[in-house]
Amino acid sequence: MFSSLAGILVTPAAAVIGLVCFLVSGGLLAFRRNALSGGWKAVLIVLLVLSVLYLLFLVWLIIGFGSNSGPPPTPH
């Protein structure tokens with residue numbers, strides 16, 4: 001179960017969806033601030049926070065497991 005969920009979270013499609021959620025919720029909160037009701041603002045803030053956390057998780061994975069490999073292993 002966990003490995004399939006982890007596999008879905010790191011696909012490029014999931015990253016694009018996370019980025020679109022970030023941009024749409026941030027844009028709506030910035031440009032439609034006065035036209036939104038309190039409930040919609042709360043939903044958009046939660047979506048913005050979750051998308052920021054997801055994108056930071058992806059950045060952490062990229063930094064941690066990126067191409068910074070050590071020297072090649074030597075057989076003994």
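Ligands, DNA and RNA left out, the accessible area of the chain computed with a 1.4 Å probe is 78% carbon and sulfur. Pick the calculated Rg and Dmax of the Cα atoms in Å for this structure from (1) 17.8, 60; (2) 12.9, 46; (3) 18.0, 68? So the structure-derived entry is (3). Computed over the chain, the per-residue total of -39500 (n - 2.57) for DSSP H runs of n ≥ 4 gives a 222 nm mean residue ellipticity of -25000 deg cm²/dmol, rounded to 500. Looking at the stretch 32-65, none of the chymotrypsin sites (Phe, Trp or Tyr not before Pro) sits in a DSSP loop with at most 11 other Cβ atoms within 10 Å of its own Cβ. Average accessible surface for the chain: 81 Å² per residue, computed with a 1.4 Å probe over protein heavy atoms with every protein chain in place.
Restricting attention to the stretch 1-52, which trypsin sites (Lys or Arg not before Pro) occupy a DSSP loop and are surrounded by at most 16 other Cβ atoms within 10 Å? Let's see the in-between values first.
Values: sites: 32, 33, 41; in loops: 32, 33.
Counting only loop positions with at most 16 other Cβ atoms within 10 Å, the trypsin sites (Lys or Arg not before Pro) in the stretch 1-52 are 32, 33.
The values are calculated or read from the model by the stated rules, or taken from the named source; none is laboratory data. Everything numeric in this text was worked out from a predicted model, so none of it was measured. Note that we place each Cβ from the backbone using ideal geometry, even for glycine, and neighbour counts take in every protein chain shown. Note: areas computed on protein heavy atoms with side chains; ligands, DNA, RNA excluded. Shrake-Rupley method; radii C 1.70, N 1.55, O 1.52, S 1.80 Å.
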